[in-house]
Each structure stands twice: as structure tokens, then as C-alpha cells.
Amino acid sequence: MRRHPIGMLVLAGAIASSIVPVRADSLTVNGTTRTFTLQPPATRPAPLVIVLHGKTQSSADMITRTSCPLIARRDGFAVAYPDGLKHAWADSRPNARRAADPPPEGTDDVAFIAQLIAKLVGDGTADPKRIYVTGISNGGAMAMTLACERADLFAAAASVVMNLTDESARACRPARPVPMLLMNGTVDPLIPYQGGRGTSYFAVDGFWSTERTLQFWRRINGCESKDAATTDLPDRNPSDQSTVTRIDSVCPQGRDVVLYRVNSGGHRMPGHFPDAHFTKLAAALLGPQNGDIDGADTIWAFFARFP
């Protein structure tokens, strides 16, 4: 399969959904109608990537404000973009560790995603051995929750701008190791890189540091605590006020744990699409968005190594 640099595919984020066919769908989970948008693959069955939006967002934001649709069309995999109830996910954190309104009481998003996967495997869309999950912010917390609670479903997982808490770490007992990619910014005002409470008015307390979160996943996957390699990636966009360092781990084969540290990066998905409609306001509230790497493309390159 020929891979083109995602920079060659960059079009305005606002038209991404118009050039890539997607369809809205729904299913019923515990008596509640749950919605999602599916980008079907060219051939079936195909790898399936579950993409989880952040809090206050929806599936449409992941389609129009990331390069996920273009990468999936380029490389021939399916993407499911689920919608959280009240634009949020019921990950394993208690409500005290959430900003603003949580999902409705009794929401079971683990069951929702498991049922969504079963539907797409059952109709021949998805290859059950090549299913992956990623998410940003609250979606990143949900991606880690799924790796903890339904490790049997996933070949790999990735979390963007999120750390663990005491509660989510205690609840994490995966049935098998799952390769994990983390991607966090060092000046994130909501999920502080060093842990604790962020500087944003909307931040809540109790987050682990990224280093502690990284070490947790290393232990879970049977890796050594030391770094295997630290690589400063090219500063391709000097105007973005940030750079990226990749930190690899010493792990058994097929249990990789990787951290992309976005130096001076904010609560943002790195990429070539603006991730917010009001870019100046987003920069003021969430910090800089890195443009040296494309987050979605980087995550897919990681996933593709683990069939």
C-alpha cells in the first residue's frame, strides 16, 4: 500500500466530510438509542478505528477537524465516530474528576462501544483482529478505560491529552496487554503534564502526571521503566510555538508503549487541520496546537504495526 504524506492530502477541514463518504447510524444499548457515524472501507473486512471525541464535542468534530477521514480513505480502513451522551463519555473516573456535566446516570459506554464493534464485525465491515481505539481528552480517558475493561477487543489503543487518576488506575485490570500510545502537551491547562490541577478555570484536581501514566502502562505491558530512546522530531512548523519528542519504551514484542511529548503544546490534537472554529480563542483557552506532526496520522502508523 502506497503511503502519501498527509500534508499532500490536506484540504480545508470544513470540507473533509464532503469529500469522504460517511453515514449516520444508531443502535440501542440498554434501552437507549446511541448514535455514531461510520466511514466504511473500500473493501471488507478492514481494520476498524474507533475515534472518540472530547467533552462538549461530537462525532462531527472528529470528522471535520482532524485528518482521520482522509487517512482512512488513503489507507483503506474503516472509522467509527461514536457520539457520547451529553457530549461526554462515562470513563472510569468519578464525577469529581470531570469538568462540567457528566453523562446521564447509568450510562454504560463500554457496552456501547462493545456493541458497536460487534455490529461492525457481524456485518463484515470490520476485521475482529484489527480493531483499534483512540480519543482526545475525555475521549482519551474513555480509550484507556476500554483498554482496561475490554482489552480482548483491541489490537492497540491511543490517548491524546489525558492522564490517569487514582480511581481510573485502580479500576484498570486488562485481560491482556494492549499496545498504548500517549500524546500529551507540556503546557496543557486542563490536564497538566506534571499532574494535579491545571491552570484553567475549568480544570479539576487529581490527575496523575504524564510520566506516572507512562510508567503505569509500562508496568501493565511488562515493559522496563527506563526509556528505550528519546527522539526530538523535526521542527517542521516553527511558528506553532512547540516541538515534539518521541519517547519509546523497552517492551516485550507486541506490547509497545510510546509517548509523544508535545513540548509547549496545549490541550490540542497536533495536526494540519485547525481543531477549532475560533482559532485565536482556542489558543487562549487551550494553548498552542502543534503542527510538526499530524496526530491522527501518527496514531494510525502506530496502530498499523499491530494486526
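Some notes on this structure:
- Scan of the range 84-130 for residues that are out of contact with any Lys or Arg (no Cβ under 7 Å at 6 or more places or on another chain), within 30 Å of ALA42 (Cα to Cα) and part of a loop (DSSP other than H, G, I, E, B), ordered by number: GLY84, TRP89, ASP123
- Of note, LEU164 does not satisfy the criterion of being closer than 16 Å to VAL49 by Cα, surrounded by 24 or more Cβ atoms within 10 Å (Cβ to Cβ) and not β-branched (Val, Ile, Thr).
- All of ARG74, ARG44 fail the test of being of a type in the set (Lys, Arg), over 14 Å from ALA143 (Cβ atoms) and assigned to a loop (DSSP other than H, G, I, E, B), apart from ARG44.
- Pairs, first surrounded by fewer than 19 Cβ atoms within 10 Å (Cβ to Cβ) in the range 171-188, second among the aliphatic types (A, V, I, L, M) and assigned to a loop (DSSP other than H, G, I, E, B), C-beta under 8 Å, six or more apart: CYS172/LEU164
- Entry remark, the range 156-195: residues being more than 27 Å from ALA284 (Cα to Cα), among the hydroxyl-bearing types (Ser, Thr, Tyr) and assigned to a loop (DSSP other than H, G, I, E, B) number 0 in total.
One line per residue, one yes/no per condition, for (1) farther than 18 Å from PHE303 by Cβ; (2) outside any loop (DSSP other than H, G, I, E, B):
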site	(1), (2)
GLY222	yes, no
SER225	yes, no
ALA229	yes, yes
PRO234	yes, no
ARG246	no, yes
VAL258	no, yes
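- Cross-chain or 6+ apart pairs with Cβ under 8 Å, the range 95-110 first and closer than 17 Å to THR33 by Cβ and surrounded by 18 or more Cβ atoms within 10 Å (Cβ to Cβ), then of a type in the set (Asp, Glu) and at pLDDT 95 or above: PRO103/ASP109; ASP109/ASP91
- Any chance LYS86 is surrounded by fewer than 17 Cβ atoms within 10 Å (Cβ to Cβ), in contact with an Asp or Glu (Cβ under 9 Å, 6 or more places away or on another chain) and either free of Cβ contacts under 8 Å to residues at least 60 places away in the same chain or of a type in the set (Val, Ile, Thr) (or both): yes
- Within the range 260-307, the set of residues being crowded, with 24+ Cβ neighbours inside 10 Å and assigned to a strand (DSSP E or B) comprises TYR260, VAL262.
- The set of residues in the range 212-238 being without any contact (Cβ under 8 Å) to a residue 12 or more places away in the chain and surrounded by 14 or more Cβ atoms within 10 Å (Cβ to Cβ) consists of GLN215 alone.
One line per residue, one yes/no per condition, for (1) of a type outside the set (Phe, Trp, Tyr); (2) under 23 Å from VAL51 (Cα atoms); (3) under 20 Å from the mean Cα position of the chain (by Cα):
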residue	(1), (2), (3)
THR199	yes, no, no
PHE202	no, no, no
GLN215	yes, no, yes
PRO234	yes, no, no
ASP256	yes, yes, yes
SER264	yes, no, yes
ALA296	yes, yes, yes
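- On the stretch given as the range 20-45, residues that are touching a residue at least 60 places away in the same chain (Cβ under 8 Å), farther than 12 Å from GLY84 by Cα and surrounded by 21 or more Cβ atoms within 10 Å (Cβ to Cβ) total 1.
- Unique match (being over 19 Å from the mean Cα position of the chain (by Cα) and either β-branched (Val, Ile, Thr) or closer than 21 Å to SER59 by Cα (or both)) among THR107, THR165, THR145: THR107
- Flag for SER249 being in contact with an Asp or Glu (Cβ under 8 Å, 6 or more places away or on another chain), over 21 Å from CYS68 (Cα atoms) and polar (S, T, N, Q): yes
The values are calculated or read from the model by the stated rules, or taken from the named source; none is laboratory data. These numbers were taken from a predicted model, which means no experiment stands behind them. Glycine also receives a Cβ, built like all others from the backbone with ideal geometry; neighbour counts cover every protein chain displayed.
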